[in-house]
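What follows is a set of notes on a single structure, which appears directly below.
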Amino acid sequence: MTLRRLPVRNLLRRPGRTAALTVVVAFLALSLFAGTVLVRSLNSGLESLENRLGADLIVVPATSRGKIDPEKIYLQGTTGYYYMDAAKLEQIRAIDGVVRASGQVYLASLRADCCSVPIQVIGFDPGTDFTIQPWISQRLRSELGFMDLVVGCRVNSAVGESIRIYGQSCPVVARLDATGTGLDTAVYCTAETMAALLEAAKDMNHELKIDGDPADVVSAIYVKTAPGEAERVAAKILKMRRPKVTVIQAKTVTSGVEASLQGVTRTIKVMIVCVWALAVILLTAAFTLLGGERRREFAALRVLGLSRWQLAGVALREALYVSLLGAFIGIGLGLLFLIPFAGLIESALNLPYLTPGWRTMLWLAGLTALTVCVVGPLTAMVSARRLSRPDISAILREGS
């Protein structure tokens, strides 16, 4: 038997011991990889929410919170609708400090024969919009046509298929990239398409509470202000009458999410530290105890001519092989848990959650494997140092 094959033979000769060590290392790798991906996904989700909102202020009817909290549409994908006179848009544009303003119209489809699925439909004006159009242009090179839809990544409709909304067949022409927010479950159309859908909903006696022409209403007005002017502009908007409105500051939405996110990430980081501390203690104790059990084995190897450093090398290679196997299992379990159940994790945390791409995942997996494969052998150093200096005659006499 060669010295290279000796560590593998030792591991196979004691399968129970090897399995126990592998489980500890796998648990260590799983905690580090999964915890890091969770924290990274939450931070990416918050950043995506900030980018997707794209406005400093969001103006909605004062009655909207009585129907549905507008923030739930962005964070949870809850469907809802509310309307106000589109004339409010021009009033807001005239306020000093307003750089850009664009309206959006909301419509919720039903779980009924008239609609394919219950989804949130968001209509926007491509000519003035600055929050949706930049994302759509990344996926759709042509103009969005009448009755065309762009769907969020979590809408179960592929490009080329059609979605039926209040009896109207709307073809899907593009899918947006994931944002990790409730906006991934929405569909988007032009203001002209939305006016036709609102008219179709009224014809089906769906109570929308719209007075007048459906083309003359908005649900929310997104406002971009000059630097430092958001609070002053918000105060001026709130003084307007007919109709009364509520002003949501984008930083209020993101700061609330950020506060919750910090609490969750802090808990995850504490758990990672605790798991690592426990795993390192267990690995050190395990390799130390195993070193005591194997004193005669290593004394016999010394008699056969192995040097002290060769014995230490055998112990270290055994630890490295166990670490590699444990890292592979732990990272594999993390991927099986994080990728398929990303939606459930987002729902459970109730926070924006955007899973990193495959390149980032591979980079984190490699970093985790490297870290574990350094920690494992380091903990074996305690045992290796003892085994490299055995009193051969005394050890062999113990068993005589």
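Any read-out appearing in this document is the output of simple, stated calculations on the displayed coordinates, not a laboratory observation. Keep in mind that what you see is a predicted model, and the values were worked out from it rather than measured. Methodologically, a virtual Cβ is constructed for each residue, glycine included, from the backbone with ideal geometry; neighbour enumeration extends over all protein chains shown.
Things worth noting here:
- Here the residues Ser102, Ser109, ranked from fewest to most Cβ neighbours within 10 Å of their Cβ, fall in the order Ser109, Ser102.
- Counting neighbouring beta carbons within 10 Å and listing from fewest to most, the residues Glu229, Glu143 come out as Glu143, Glu229.
- Note: relative contact order over the stretch 83-186, using C-alpha pairs below 8 Å and six or more positions apart, is 23 percent.
- For the stretch 181-186, Karplus couplings with θ = phi - 60° (6.51, -1.76, 1.60), whole Hz, Gly/Pro x: 10, x, 5, 5, 9, 9
- The phi-based Karplus calculation (6.51 cos²θ - 1.76 cosθ + 1.60; θ = phi - 60°) puts the 3J(HN,Hα) values of the stretch 366-371 at x, 5, 5, 4, 4, 5 Hz, whole numbers, x for Gly and Pro.
- Relative contact order, whole percent, for the stretch 63-243 stands at 30, derived from Cα pairs under 8 Å and 6 or more residues apart.
- Neighbour-count ranking [beta-carbon atoms within 10 angstrom, fewest first] of Ser323, Ser41: Ser41, Ser323
- In this structure, the pairs whose alpha-carbon distance is over 23 Å, taken from Lys202/Lys224; Lys224/Lys251; Lys209/Lys251; Lys224/Lys244; Lys202/Lys239, are Lys202/Lys224; Lys209/Lys251; Lys202/Lys239.
- Nonlocal amide H pairs with Leu208, under 5 Å, H built at 1.01 Å: none
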